[in-house]
Amino acid sequence: MSTVHPTMAGLILLGKGERIRDLIPTAESAFTMMKGTKLIRNVSEHIPALQAIERCIESLDLVNMMTELFPGPVAVRLMDIDPISFREALVNAYSHRDYTEMGRIRVDINDEQISITSPGDFMQGITPNSVLFAEPRSRNTVLADAFKRIGLAEKTGRGVDKIIEPSLFAGRPVPRYDESTSTYVRVVFDKAPVDDNFVTLIVQNQVKSNMELSLRGLMVLYSIRKLKQSSMDDIIRDCQLSPVICEMNVQQLLKMNIIQSVDMDGKQLYYLNTADYVYRLHGTSQVYDVTPTYGNPYIKAFHSLLNAVDQVTRTDVANALGISKPQAYRLIMKLFNKGILEKVGNGKYTSYKYTDTYVAEKIRLERMTEKSLLPSI
């Protein structure tokens with residue numbers, strides 16, 4: 001009668017701690033949690049991978065805070081660290097690590113970030129910059145397949161997509177691999193607040209257009225948000241996607257009214273739909289018309305900003321419209337010289353607001369037309 005022996009993958013997944021320590025001494029798991037400078041937990045043990053993953057997820061749940069948004073009829077709940085992203089990164093660490101290398105899989109949680117470190121280099125041909133686009137491969141195929149079968153890992157092998165997608169959607173820094181070396185792979189989740197205005201922009205326009213953004217679409221949108229105003233070449237370079245993929249997703253974003261475009265010196269530039277995004281940063285839910293006009297794409301956008309916040313500084317205008325301070329100053333002076341704006345204060349504390357004459361004229365026009373129309377300038 002033949003004897004059935006567990007495989008190495010079986011031991012790593014479900015083996016008893018003492019047998020794992022004796023037969024696969026490198027299959028060790030470590031977990032550290034810090035609160036400020038205080039050490040909350042520090043353990044290192046030989047336990048089966050499924051148990052280690054469960055313990056790490058339970059520990060994350062204790063400190064993982066939720067942000068609840070209401071951008072539409074259904075609430076959107078976002079955690080500080082997305083549980084699915086965290087689980088996928090953990091599974092990747094166990095299924096892709098090099099078990100011939102000394103060291104342990106280590107999870108570190110502190111107030112600023114969470115990191116998962118696994119011994120061994122990336123697979124041949126993969127770097128920290130190319131990990132998102134590399135063909136799915138596993139160092140331990142039986143182990144990786146077992147994780148997929150029990151539902152812990154992405155079945156398509158595109159687990160890295162699951163790791164970064166929630167961060168793109170929330171407007172947070174994406175998990176990064178730049179601390180990896182030739183002896184270990186490390187993924188770092190930097191803690192950052194949700195950009196609730198960015199999430200609202202996405203959700204509301206997905207509902208209006210009855211379309212959903214793909215991962216590549218989120219990458220392109222995230223790039224435009226980060227660059228503030230960008231050409232197609234800028235987007236391609238930042239996303240590291242093919243020109244065809246970038247062009248296709250930019251066109252979809254335009255169709256969904258999430259971004260806008262303007263021709264500047266013969267080059268098409270793309271930026272977030274400021275009517276739905278930038279001015280919500282200033283505490284208003286009003287939707288404004290920011291269609292580029294009179295050769296300057298920011299004139300009406302400036303009016304929308306000032307309608308929302310009452311008075312602005314040069315820095316406010318530069319940050320909100322995604323332009324330089326000299327550009328913001330020239331824009332302000334154009335309106336100031338036409339008698340539309342007046343100064344408030346002096347020096348570095350100078351701000352600008354509408355003149356009383358302009359406000360009176362604007363109110364008169366609103367009453368005549370029963371909607372807000374700004375006079376041509």
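The values are calculated or read from the model by the stated rules, or taken from the named source; none is laboratory data. This is a predicted model, so every value here is computed, not measured. Positions of Cβ are backbone-derived with ideal geometry, glycine not excepted, and every protein chain shown enters the neighbour counts.
Out of curiosity, is Ser118 outside any loop (DSSP other than H, G, I, E, B) and under 24 Å from Ile12 (Cα atoms)? It is true that Ser118 is outside any loop (DSSP other than H, G, I, E, B) and under 24 Å from Ile12 (Cα atoms). Considering Ile81, Ile20, Ile105, Ile47, which residue is touching a Phe, Trp or Tyr at 6+ places or on another chain (Cβ under 7 Å) and farther than 30 Å from Asp196 by Cβ? Unique residue meeting the criteria: Ile105.
Among the residues making up the range 189-210, those that are assigned to a loop (DSSP other than H, G, I, E, B) and in contact with a helix residue (DSSP H, G or I) (Cβ under 7 Å, 6 or more places away or on another chain) are Val194, Asp195. Within the range 25-44, can you find the residues that are closer than 23 Å to Glu88 by Cβ, touching a residue at least 24 places away in the same chain (Cβ under 8 Å) and not polar (S, T, N, Q)? Correct list: Ala27, Glu28, Ala30, Phe31, Met33. Of the residues contained in the range 88-101, none is found to be within 28 Å of Phe198 (Cβ to Cβ), under 23 Å from the mean Cα position of the chain (by Cα), among the acidic types (Asp, Glu) and not in a helix (DSSP H, G or I). Cβ separations smaller than 6 Å between residues 6+ apart or across chains give the following pairs from the range 110-137 residues that are closer than 24 Å to Asp82 by Cα to residues that are surrounded by fewer than 13 Cβ atoms within 10 Å (Cβ to Cβ): Pro128/Asp178.
Taking first residues from the range 311-324 that are touching a residue at least 40 places away in the same chain (Cβ under 8 Å) and within 18 Å of Phe336 (Cα to Cα) and partners that are in a strand (DSSP E or B) and basic (Lys, Arg), the Cβ contacts under 8 Å between residues at least 6 apart in sequence or on separate chains come to Gln311/Lys353; Val312/Lys353.
Quick check, is Gln251 at pLDDT 80 or above, surrounded by fewer than 19 Cβ atoms within 10 Å (Cβ to Cβ) and closer than 30 Å to Leu132 by Cβ? So Gln251 passes the test.
Residues in the range 272-289 include none that are surrounded by fewer than 14 Cβ atoms within 10 Å (Cβ to Cβ), modelled with pLDDT of 80 or more and more than 24 Å from the chain's Cα centre (by Cα). Only one entry of Ile126, Ile84, Ile116, Ile105 meets the criterion of being surrounded by fewer than 16 Cβ atoms within 10 Å (Cβ to Cβ), β-branched (Val, Ile, Thr) and closer than 20 Å to Phe147 by Cβ, and that entry is Ile84. Anything in the range 121-170 that is outside any helix (DSSP H, G or I), touching a Pro at 6+ places or on another chain (Cβ under 9 Å) and at pLDDT 80 or above? List them, or say none. Passing the criteria: only Phe122.
Pairs meeting the criteria (first residue in the range 66-86 and farther than 27 Å from Lys208 by Cβ, second residue among the polar types (S, T, N, Q), beta carbons under 7 Å, at least 6 apart or on different chains) are Asp80/Asn64; Ile81/Asn64.
Going residue by residue through the range 228-245, is there one that turns out to be part of a strand (DSSP E or B) and either crowded, with 17+ Cβ neighbours inside 10 Å or at pLDDT below 85 (or both)? Yes. Entry remark, the range 42-55: residues being under 29 Å from the mean Cα position of the chain (by Cα) and outside any helix (DSSP H, G or I) number 0 in total.
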